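*Asks:* Here it is, the structure in full.
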Amino acid sequence: MRPQFYPWQLLSVILAGTLDEHQQRVIDYLKAENQVLRDQVGSRRIRLTDDQRRRLAILGNAIGRKALSEICSIVTPDTILRWHRKLIAQKYYGSASRRVGRPGIMQAIRQLIVRMATENRHWGYERIEGKLRKVGHRVARTTIANILSAHGIELAPTRSEQNTWAEFLKTQWGSIAAMDVFSVEAWTLNGLTPFHTLFVIDVATRRVEIVVMSDRPHGEWVRNALRRQLDGIDGFLRHHTHLIHDRDPLFTQAMVDMLGACCVQSVKLPPRSPNLNAFTERCVRSIKHECLNRLIPIGEQHLQNPIDAFVEHYNRDRSHHGLNNELLKPSSKPASTAGRIECDEQLGGLIRSYRRPA
């Protein structure tokens, strides 16, 4: 019986032959192009990079030596296969990672040395060596010195003189206040008029005190307003020793002298450094975003009322992310889980707080 050939089988054979013929034409063209490039280079030796050798070795091994002998023109097939064998050998040969001399110190100990020197600016090599020995690590002084030098950390006498802003805040945390002025436009008989509000904030507790508001601020206005805050009986700044403020022209030298006479040191920020007074900046953002930007104040009194209402809410009922989402004055009693929840509204529902009745 003669074998039967179906039309689709014949079509497959013709298509396969066509593809093989097309691939052969592509290979012939690439070989010719490669030869042209070699003729352009001339007799100079072609130097390949390690990445190029690696790429040719991987592709050439997949093709095989017989096919390489037909298409290779830059290097011989034996060279490409030798590159591939070398690539395989390097995968299991670890001499390249070996070093001459003593083994290096563990990365964990290096990080601990850098941490000790960074967190304790007055510690020298001997102090760090002693602290490491206390936790079970014996490291020589010269090794500590080399590690700190590699990380760009200076000697202890130099480091101890460079007091950072974060260290200053931590050491003086309970006695630091900050001061700033923010302005809001309000409608008056003269059109839109900017009103300037002076306020102070306790850095440790985040408690805010509105000092004074005016549409014509000046240095004497600030100095007289702060004098009342320095009262020894009920002044907001009576327990503070440092007052942070920016370089606003309203904060005059006369104000600084008055603070010094009351044992309050003026801490003037460097130019264009709002992040150093982040507590006041965040407070201004809160009062504007949550309250004032949603109002159209008409006159000074209409502006003063929402500011006072928001500051009372800020100090009493508003939770603060910087204090683990707690209130400034959390209740000593545990929160009740029984009873009806009531909502206190101010400014037509712009400010809301929820509580359970006592």
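The values are calculated or read from the model by the stated rules, or taken from the named source; none is laboratory data. All values reported here derive from a predicted model rather than from experimental measurement. Heads up, the Cβs are rebuilt from the backbone with ideal geometry, glycines too, and the neighbour counts pull from every protein chain shown.
*Asks:* Could you give every pair whose Cβ atoms fall below 6 Å, whose first residue belongs to region 49-68 and is of a type in the set (S, T, N, Q) and surrounded by 13 or more Cβ atoms within 10 Å (Cβ to Cβ), and whose second residue is in a helix (DSSP H, G or I) and modelled with pLDDT under 75, counting only separations of at least 6 or pairs across chains?
*Replies:* ASN61/HIS84
*Asks:* A follow-up question, please. Among the candidates SER266, SER286, which residue alone is surrounded by 13 or more Cβ atoms within 10 Å (Cβ to Cβ), in a helix (DSSP H, G or I), in contact with a helix residue (DSSP H, G or I) (Cβ under 9 Å, 6 or more places away or on another chain) and of a type in the set (S, T, N, Q)?
*Replies:* After ruling out the rest, the residue left standing is SER286.
*Asks:* Suppose we filter LYS288, LYS329 for residues that are of a type in the set (Lys, Arg) and touching a residue at least 40 places away in the same chain (Cβ under 8 Å); which single one remains? Lay out the reasoning, then the answer.
*Replies:* Details: LYS329 fails: touching a residue at least 40 places away in the same chain (Cβ under 8 Å).
Sole residue among the options that is of a type in the set (Lys, Arg) and touching a residue at least 40 places away in the same chain (Cβ under 8 Å): LYS288.
For every residue, the table says whether it meets (1) touching a Cys at 6+ places or on another chain (Cβ under 7 Å); (2) in a loop (DSSP other than H, G, I, E, B); (3) surrounded by fewer than 17 Cβ atoms within 10 Å (Cβ to Cβ); (4) modelled with pLDDT under 85.
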{"site": "LEU132", "(1), (2), (3), (4)": "no, no, no, no"}
{"site": "LEU148", "(1), (2), (3), (4)": "no, no, no, yes"}
{"site": "GLU154", "(1), (2), (3), (4)": "no, yes, yes, yes"}
{"site": "ARG159", "(1), (2), (3), (4)": "no, no, no, yes"}
{"site": "ALA166", "(1), (2), (3), (4)": "no, no, yes, yes"}
{"site": "ALA178", "(1), (2), (3), (4)": "no, no, no, no"}
{"site": "LEU192", "(1), (2), (3), (4)": "no, no, yes, no"}
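*Asks:* What is the number of the single condition among (1) surrounded by 14 or more Cβ atoms within 10 Å (Cβ to Cβ); (2) of a type in the set (A, V, I, L, M); (3) assigned by TED's automatic domain parsing to the domain that holds LEU189 that ILE351 does not meet?
*Replies:* Condition (3) is where ILE351 drops out.
*Asks:* As an exercise: evaluate ARG318 against (1) at pLDDT below 90; (2) outside any loop (DSSP other than H, G, I, E, B); (3) within 14 Å of ARG207 (Cα to Cα) and give the number of the one condition it does not meet.
*Replies:* Condition not satisfied by ARG318: (2).
*Asks:* Can you pull out the residues in region 293-310 that are crowded, with 19+ Cβ neighbours inside 10 Å and either hydroxyl-bearing (Ser, Thr, Tyr) or in a helix (DSSP H, G or I) (or both)?
*Replies:* Across region 293-310, the qualifying residues are LEU303, PRO306, ILE307, PHE310.
*Asks:* On to the next question. From the list LEU323, LEU327, which one is modelled with pLDDT under 80 and not hydroxyl-bearing (Ser, Thr, Tyr)?
*Replies:* LEU323
*Asks:* Here's something else I'd like to know. Looking at the structure I just gave you, is PRO297 over 22 Å from GLY219 (Cβ atoms), touching a helix residue (DSSP H, G or I) at 6+ places or on another chain (Cβ under 6 Å) and touching a residue at least 24 places away in the same chain (Cβ under 8 Å)?
*Replies:* So PRO297 passes the test.
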